[in-house]
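Remarks on the structure that follows.
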Amino acid sequence: MAAINLQKGQKIDLTKGNPGLSKIQVGLGWDEVTKPKSGGLLGGLFGGTPAAIDCDASAIMLDANDKLTSKDRLVYFGNLQSADKSVKHSGDNLTGAGEGDDEQINVDLSQVPSGVQKIVFVVNIYDCLKRKQDFGHIANAFIRVVNPSNGQELCRFNLTENYAGKTSLVVAEVYRHTNEWKFAAIGEGTNDASLSELIRRYK
């Protein structure tokens, strides 16, 4: 079965249409827009190419009121798994180079605590203010959900919008609906300059 390509704002069932699905792998990827080569006008004036863009993917586990109730429920490069071990991060990718997923977050849906209603997936640019970087420097960003038991890609959301000037992205969310899990494509750019700023909206 071919993966479902989603548009911004679309939602799909994950578990209802995939009986037995209890674990998902959420892959996030992006490419850096080609930088000017050193030695040209910019290189001559400012001494070489700009710093590589370090995008960081994180998962925020929220309660029924969309609140982050514990720091252990924020999974990112500095905390690679939730305290209950239901959400695990693959680790930090510093450049976004290469094909495929740049960072992956694995979710054991059967182990997510009952008090967690939603898992929000976000991406922010590390040290963006100091490096003067934003998502206008990023292309081909996507999020996809894979069934790790057979490698089948269940859905994909390509972020085709222009996010120039934005420094963080609320990419998508996985959430409970009755006794099932659903996926929603969000694609909202924000001006939060760090992950700590971004999570303030969930406190």
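The values are calculated or read from the model by the stated rules, or taken from the named source; none is laboratory data. Remember, it's a predicted structure, so these values are computed and weren't measured experimentally. Note that each Cβ is placed from the backbone with ideal geometry, even for glycine, and that neighbours are counted across all protein chains shown.
The residue that is surrounded by the most Cβ atoms within 10 Å (Cβ to Cβ), among those in segment 106-129 that are modelled with pLDDT of 95 or more and touching a helix residue (DSSP H, G or I) at 6+ places or on another chain (Cβ under 8 Å), is 122. Counting only strands (runs of 3 or more DSSP E) that sit completely within segment 106-203, those holding 3 or more residues that are small (Gly, Ala, Ser) and in contact with a strand residue (DSSP E or B) (Cβ under 7 Å, 6 or more places away or on another chain) correspond to 180-190. Pairs meeting the criteria (first residue in segment 170-187 and in contact (Cβ under 8 Å) with a residue 12 or more places away in the chain and under 19 Å from residue 142 (Cα atoms), second residue assigned to a strand (DSSP E or B) and hydroxyl-bearing (Ser, Thr, Tyr), beta carbons under 9 Å, at least 6 apart or on different chains) are 170/190; 182/175; 183/175; 184/175.
Looking only at segment 140-173, residues that are of a type in the set (Gly, Ala, Ser) and surrounded by 14 or more Cβ atoms within 10 Å (Cβ to Cβ) come to 3 in all. Set side by side, the residues 163, 175 differ, and just one is of a type in the set (Phe, Trp, Tyr) and at pLDDT below 95, which is 163. Within segment 20-34, if we keep just the residues that are assigned to a loop (DSSP other than H, G, I, E, B) and modelled with pLDDT of 90 or more, the residue that is surrounded by the fewest Cβ atoms within 10 Å (Cβ to Cβ) turns out to be 20. Just one of the listed residues (59, 64) is surrounded by fewer than 14 Cβ atoms within 10 Å (Cβ to Cβ), aliphatic (A, V, I, L, M), within 19 Å of residue 110 (Cα to Cα) and modelled with pLDDT of 95 or more, and it is 64.
Residues that are surrounded by 14 or more Cβ atoms within 10 Å (Cβ to Cβ) and over 13 Å from the mean Cα position of the chain (by Cα) within segment 184-197 comprise 190, 192, 193, 194, 197, listed in sequence order.
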